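Read through the structure below, which is laid out as C-alpha cells, and then see the notes.
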Amino acid sequence: RYRTQREAVADLFEYIEVFYNRSRRHSSLGFVSATQFMQDWVVAQRTRDAAA
C-alpha cells in the first residue's frame, strides 16, 4: 500500500517506463523489444563502420 498518490504514480511510472516498455515487443520496431532493437542497431553500426 502506498502512503501517497504521488508515491503510487512514481512507482507505476517506473514500472511502465523502465520495465514494461523496454521489454514488450513493439510493432513499430519490427516486433522486437526496445532493448533488443537498440542492441541490434549498435551491432549493425559497428559492422557498417568496420566494413568502411
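Readers should treat all values here as calculations from the given coordinates under stated rules, not as data from a laboratory. Keep in mind that this is a model prediction, so the values were computed, not measured. Neighbour counts run over all protein chains shown; Cβ positions are idealised from the backbone, glycine included.
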Pick out the one residue from Asp49, Asp40, Asp11 that is surrounded by 12 or more Cβ atoms within 10 Å (Cβ to Cβ) and assigned to a helix (DSSP H, G or I). Asp40
Under 8 Å between Cβ atoms, which residue pairs at least 6 apart in sequence (or on different chains) link something in region 1-21 that is free of Cβ contacts under 8 Å to residues at least 12 places away in the same chain with a partner that is aromatic (Phe, Trp, Tyr) and surrounded by 11 or more Cβ atoms within 10 Å (Cβ to Cβ)? Ala8/Tyr2; Asp11/Tyr2
Selection over region 25-35 where residues are touching a helix residue (DSSP H, G or I) at 6+ places or on another chain (Cβ under 8 Å) and not in a strand (DSSP E or B) yields a count of 4
